[in-house]
């Protein structure tokens with residue numbers, strides 16, 4: 001793939017798939033820094049994601065998310081992204097330019113069980129849109145943007161990290 005060893009490892013996927021949790025564990029296993037773009041946005045904006053979405057709307061949040069991702073300058077870092085980052089081609093191009101993009105995947109029924117509190121989570125979802133509709137809307141975007149997909153169904157977080165580490169070895173990125 002021609003990626004350097006100091007490349008970032010970028011995790012994308014649906015909300016609830018475990019990007020943040022797996023990202024922390026993966027960063028520790030790789031002795032790399034860790035950035036959660038959602039947390040970074042909240043810290044820089046001084047508000048929770050849901051407060052931003054409620055006050056300014058989804059489109060304004062997506063502009064804000066794109067700006068924060070485009071301003072992210074790091075290397076040798078594991079980056080957990082917000083689930084909606086794939087709507088921004090410039091943001092994904094920026095992440096890909098500096099990293100290897102891994103899509104963490106779970107089946108819809110598992111995600112629906114995990115996403116019980118969608119009202120306060122900071123979920124970028126249209127009015128009246130269901131998790132199922134969001135899943136089917138985003139899945140092709142995740143697949144398009146990812147270098148690889150890791151199927152996480154039935155695995156513990158540590159097993160997912162092990163799977164990612166194996167894939168990184170195969171791509172000479174570890």
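The values are calculated or read from the model by the stated rules, or taken from the named source; none is laboratory data. Note that this is a predicted model, so its numbers are computed, not measured. With ideal geometry, Cβ positions are generated from the backbone for all residues, glycine too; neighbour counts draw on all protein chains shown.
It is to be established whether one or more residues within region 40-62 are touching a helix residue (DSSP H, G or I) at 6+ places or on another chain (Cβ under 8 Å), within 22 Å of residue 153 (Cβ to Cβ), crowded, with 18+ Cβ neighbours inside 10 Å and modelled with pLDDT of 90 or more.
no
Please verify whether region 121-129 includes one or more residues that are in contact (Cβ under 8 Å) with a residue 24 or more places away in the chain, assigned to a helix (DSSP H, G or I) and either closer than 27 Å to residue 51 by Cβ or touching a helix residue (DSSP H, G or I) at 6+ places or on another chain (Cβ under 9 Å) (or both).
Within region 121-129, not a single residue is in contact (Cβ under 8 Å) with a residue 24 or more places away in the chain, assigned to a helix (DSSP H, G or I) and either closer than 27 Å to residue 51 by Cβ or touching a helix residue (DSSP H, G or I) at 6+ places or on another chain (Cβ under 9 Å) (or both).
Among the residues of region 75-95, count how many are more than 18 Å from residue 26 (Cβ to Cβ) and out of contact with any helix residue (DSSP H, G or I) (no Cβ under 7 Å at 6 or more places or on another chain).
Matching residues across region 75-95 total 2.
Would you confirm, using the coordinates I've provided, whether residue 134 is surrounded by 14 or more Cβ atoms within 10 Å (Cβ to Cβ), more than 18 Å from residue 21 (Cα to Cα), out of contact with any strand residue (DSSP E or B) (no Cβ under 7 Å at 6 or more places or on another chain) and touching a residue at least 60 places away in the same chain (Cβ under 8 Å)?
For residue 134, the condition - surrounded by 14 or more Cβ atoms within 10 Å (Cβ to Cβ), more than 18 Å from residue 21 (Cα to Cα), out of contact with any strand residue (DSSP E or B) (no Cβ under 7 Å at 6 or more places or on another chain) and touching a residue at least 60 places away in the same chain (Cβ under 8 Å) - is met.
Within region 154-171, count every residue that is touching a residue at least 40 places away in the same chain (Cβ under 8 Å) and surrounded by 12 or more Cβ atoms within 10 Å (Cβ to Cβ).
The number of residues fulfilling the criteria is 8.
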